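Coordinate-derived values only; no laboratory data. All values reported here derive from a predicted model rather than from experimental measurement. Glycine gets a Cβ as well: all are built from the backbone with ideal geometry, and neighbour counts include every protein chain shown.
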Amino acid sequence: MSKKILIADDEKNMIWAMKKALKNEGYRIITAGDGVEAVEMTRQEEPDLILLDLKMPKKDGMEALKEIKSLNGKVPVIMITAHGTMESAIEAMKLGALDYISKPFDLEELKVVIEKALNVGNMQEQIEFLTEELNKNTGKVIIGESEKIREVLQIVSRVANSSATVLITGESGTGKELIANAIHFNSNRKHKPYIKVNCGALPETLLESELFGHEKGAFTGAIAKKAGRFERADGGTIFLDEVGELSPAIQVKLLRVLQEKEFERVGGTETIKVDVRIVAATNRNLREMVEKGEFREDLFYRLNVIPIELPPLRERKEDIPKLIEFFTEKYCAEIGRDKLFFDKEAMEALTHYPWKGNIRELENVIERIVILNHGEKVTKDVLPKEILFYNSEIPAFLLPEEGIDLEKVEKSLIEQALKRTDYNQTHAAKLLGITRHTLIYRMEKYNIK
């Protein structure tokens, strides 16, 4: 079914032009002439996307946006602004607008903005379904709405139903196993076996037997034939955690499973065929290990078909308050106490701490606070000393004795910010601590395309 778009604008000529252009693209169009009508149409018609003019009678676009988002926080809203109202557009995006377009605009440009917004909406639905399936099957959830974690979840939603091998990398405590769970339970193998192996927890001889099984009498203590993890995972998924810890001998056998889908049990001669999807994870840099001769290059490329890199918690600070809320509720419920609340100073201290142990460290700290704190409010002074006395201030830039070319430095910083945000001007401006308008001006100044 075609998507339904609500156009809210008090200029009849604008509505007529947009309605005609968008109907030709196959969209169903409904209209509103003021902010009050826009809110009511949102309630009654449940549009898939809203074009909302900033300046309208009865209720302006900003007030209408607040009410629309309270009715339906998921519907994408594109603000229509007049030239020179950039600050208002940015404020609207803080309130939940997905994007904005400034008058006068080209109708082809509007079509592109709408298509991008609808794609974001579709991807959001996929991500929500993914996290719901994970929660239903494991009782665990993925917490976070930062751009970096959304990018990870988008990859997961795209690759889950394939049989491609996935390599999840990231520091300890970033949630690699949770992502592996999400891949399996959102795949067409979700009703088949899901077998987990910690490759760093077992000695080489025992690990080989665990992975590939053994025949009776294969070694001392092998009193009966035993099926290995790969056999047990047939038709499903095997999760190889800490894959960087594998010995060279087991790397060879794993490579064969990846290439040929077959192996022999330890001490056996029968070739066993399996259909297993492999998801591997490591906190080590496998590329560096390959260069040092510590990890097989051919195995690395076989594992690294779909790479997923999990960001450390310090690079997704905007998710920390939600994680704190989640873990607080979890541990309050476990011990049967009333919910705790963190005051502003305590929340800021927790948010700015670097969390070298990532989510696992944060969870442990919150569990400790829930158990030891007596009141309903958590204040900064009850936080662990390492958090309380952490100095998060960035050291001042030291000017070299020979001086610098300030314009070159500024140009370089702008280029780095654009590259880091995939050339999203709004996000790049935020990284640099300037407005998008100022960023565009400086991009033009330095001829940055």
Open item on the list: Taking a ≥ b ≥ c as the square roots of the Cα gyration tensor eigenvalues, with a/c under 1.5 meaning rounded and otherwise prolate when a/b beats b/c, else oblate, which class fits segment 406-445?
Closed with: oblate
Open item on the list: Once R0 is set to 22 Å, what does the formula 1/(1 + (r/R0)^6) return for the Cβ-Cβ distance between residue 374 and residue 348, expressed as a FRET efficiency to the nearest 0.05?
Closed with: 0.50
Task: Shape category assigned to segment 233-273 from the gyration tensor of Cα positions, a/c cut at 1.5 - done: oblate
- [ ] Filter the trypsin sites (Lys or Arg not before Pro) in segment 138-179 to those in DSSP coil with at most 15 other Cβ atoms within 10 Å of their Cβ, and list the result.
- [x] 140
Task: Rounded to 10°, Cα long-axis angle of helix 107-138 versus longest principal axis of the chain - done: 40 degrees
Open item on the list: I need the calculated FRET efficiency for the pair residue 449 and residue 146, taking r as the beta carbon distance and R₀ as 41 Å, to the nearest 0.05.
Closed with: 0.90
Open item on the list: Given points 7 Å out from each Cα along the Cα-Cβ axis, report the residue 82 to residue 385 separation in nanometres with one decimal.
Closed with: 6.1 nm
Task: Exceeding the 32 Å Cα-Cα cut-off - candidates 69/317; 66/111; 23/103; 58/377; 196/344; 4/344 - done: 58/377; 196/344; 4/344
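Just from its helices, what would the mean residue ellipticity at 222 nm be for the chain, if runs of 4 or more DSSP H residues each count -39500 (n - 2.57) and the sum is divided by every residue, rounded to the nearest 500 deg cm²/dmol? Kindly include the intermediate steps, with their values, before the conclusion.
Values: 19 runs with 214 residues, N = 449.
After summing the helix terms and dividing by the residues of the chain, the value is -14500 deg cm²/dmol.
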Open item on the list: Under the rule a/c < 1.5 gives rounded, and otherwise a/b versus b/c splits prolate from oblate, where does segment 4-121 land using the Cα gyration tensor?
Closed with: rounded
Open item on the list: What do you get for the angle between helix 320-335 and the principal long axis of the chain? Use alpha-carbon atoms, 0 to 90 degrees, nearest ten.
Closed with: 60 degrees
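Could you check what % of the DSSP bridge pairs in the chain are antiparallel, to the nearest 5?
10 percent
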TODO: Calculate the length of the line joining the C-alpha centroid of segment 189-248 to that of segment 337-364, in whole Å.
DONE: 38 Å
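Within 13 Å, Cβ to Cβ, of residue 409, how many net charges do the neighbouring residues add up to if Lys/Arg are +1 and Asp/Glu are -1? Write down the numbers at each step before the final one.
Details: positive: 408, 411, 442; negative: 405, 407, 410, 415.
Local net charge: -1.
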Open item on the list: Using only the alpha-carbon atoms, how far is helix 12-23 inclined from the longest principal axis of the chain? Give it as 0 to 90 degrees, nearest 10.
Closed with: 30 degrees
